[in-house]
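Participant: Questions regarding the structure given below will be posed in turn.
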Amino acid sequence: MIDPPMLRNDCFALPPGVDWVPMQDALAALAARMHSVVGSETIALGAAAGRRLAEDLHAFRANPPAPNSAVDGYGFVGPVPEGVTDMPLAEGRAAAGVPFEGHVPEGHAIRILTGAILPDGVDTVVLQEDCTVEAGRVAFRGPLKRGANARKAGEDVAAGDVLLSAGRRLKPQDIALLAATGHGTVPVFRPLRVGVLSSGDEIVPPGSVAPEAMRPGQIYDANRVMLLSQLAQWGFEAVDLGLAPDSRDGLRALLDGARGQVDAVLTSGGVSTGDEDHVSALLSREGQMAHWRIAIKPGRPLALGTWGNLPVFGLPGNPVAALVCTLLFARPALEVLAGGTWFRPEGYMLPAAFSKRKKPGRAEFLRARMAADMRVECFASEGSGRISGLGWANGLVELDEQERQIEPGDSVRFIPYAAFDG
Ligand code: AMP
Ligand code: MG
């Protein structure tokens, strides 16, 4: 049982004098500061999808464990030359789970079904559809190579092979491989518990006040439910920490309550340096806080702090910026905290279906979607409050720091949302 240490409370501090950081440098710095903070447990394989492996896993058994037939047909020793071949059929048959125990003499064939172990004296199989069977004989046309329609033992995985490495987030496909190679339980990391809180006096939980009863200036809390849902989709245990008013005491109470209950916190709103930006103010005075001025749009500063030893990712309040910063920065960092490995989401160079004048100096992320013709469209407005564009999109277009004039047909880097699933 591993019980790793918490992060150090000054883990996010930047060296003095660091100003606007290019995004890739910020990501590298963040990656260097993260380590796993979760212990491990062994659970049933069937419950392990979405969990992260705590150890490298080896195959206990080969796949396939024995040579077997890939089709329903007739087995014999190959190869078979061009032209018509006609063989006497041996008594009996080989079926999946019911092996033929005897020996098939050379020049004889035996009835064999898909998945059956190749009997002694069989290394090649002919498809039943290609055969005529009559009076105890089977006839078909060659040529057939030795080994045709047969699977070799261990051709997929040999016993002892490394199957999957520690940190891997198990997919249903991995679960199949583990089952096939003899695993009934798996060592996995305990799910990372990630708390989410929103902040702002204007914010109202959805469902708590009818639209017509909302006071002017009040807005529904879109971020908290978005982030909680997103975290759950990534295999984290998402914990609702509630809504903090724009007051230091209220926020302090929520953060104190989060200690021991979660392993990391995402906050949204209140991270600029305005009068009401209490997340920054409280963390700077009573915890640790560094404003990472990262050269990206949308973003503003990303506030990375600790409350005690609890890492806090202070996201911007605008839902678009909150999601983009979560995807780009919190996502890979949380993966490492959860026992996984840092990753850069895979992007694809695709032709743009839009034109845009891109200013130099910072990277930009546009809400985008890949259309059926593989061209990438961008959401009509870049406004950071346009929540409708988040769901319209199925990913982001990343434009690097360079100045650029993009015209339809030019290549742009498209990162599907799914690439952040890890
Ligand atoms: P802030 O970072 O607190 O200055 O907030 C920036 C903008 O995002 C303001 O227009 C806020 O009203 C808005 N905002 C902040 N938190 C949320 C939230 N949880 N849901 C929706 N909008 C928010
Ligand atoms: Mg605010």
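The values are calculated or read from the model by the stated rules, or taken from the named source; none is laboratory data. Owing to the predicted nature of the structure, the values given are computational and were not obtained by experimental measurement. As a convention, Cβ positions derive from the backbone with ideal geometry for all residues, glycine included, and neighbour counts pool all protein chains shown. Heavy atoms of the whole protein, side chains included, go into the accessibility calculation; ligands, DNA and RNA do not. Shrake-Rupley method; radii C 1.70, N 1.55, O 1.52, S 1.80 Å.
Participant: With a 1.4 Å probe and all protein chains kept in place, how much accessible area does residue 378 have, in Å² rounded to the nearest 10?
Facilitator: 30 Å²
Participant: Now for a separate question. Would you calculate the separation in nanometres between label points at residue 237 and residue 249, each defined as 7 Å from the Cα along the Cα-to-beta-carbon direction?
Facilitator: 3.2 nm
Participant: Enter the accessible area of residue 77 (Å², nearest 10), with the probe set to 1.4 Å and all protein chains included.
Facilitator: Roll a 1.4 Å probe over it and residue 77 shows about 40 Å².
Participant: Just to verify a number: FRET efficiency for residue 404 and residue 208, C-beta to C-beta distance, R0 = 56 Å, to 0.05?
Facilitator: In this case the efficiency is close to 0.80.
Participant: Okay, next question. Calculate the spin-label point distance for residue 33 paired with residue 341, positioning each point 7 Å from the Cα along the beta-carbon direction, and give it in nanometres.
Facilitator: In this crude label model, residue 341 to residue 33 measures out at 2.4 nm.
Participant: 5 Å is the cut-off here: which amide hydrogens, built 1.01 Å from N in the peptide plane, fall below it relative to residue 138, excluding neighbours closer than 5 in sequence?
Facilitator: Result for residue 138 returns 87, 89.
Participant: Looking at the square roots a ≥ b ≥ c of the eigenvalues of the Cα gyration tensor of the chain, which shape do they give, rounded for a/c under 1.5, prolate if a/b is larger than b/c, or oblate? Mind dumping the intermediate values first?
Facilitator: Details: a/c = 3.07, a/b = 2.21, b/c = 1.39.
Because a/c hits 1.5 or more and a/b exceeds b/c, the chain counts as prolate.
Participant: Which of rounded, prolate or oblate describes region 263-372 when judged by the alpha-carbon gyration tensor and an a/c cut-off of 1.5?
Facilitator: oblate
Participant: Answer rounded, prolate or oblate for region 348-421, using the Cα gyration tensor with square roots of eigenvalues a ≥ b ≥ c: rounded when a/c is under 1.5, else prolate when a/b is larger than b/c, else oblate.
Facilitator: Rounded, because the longest to shortest axis ratio a/c is under 1.5.
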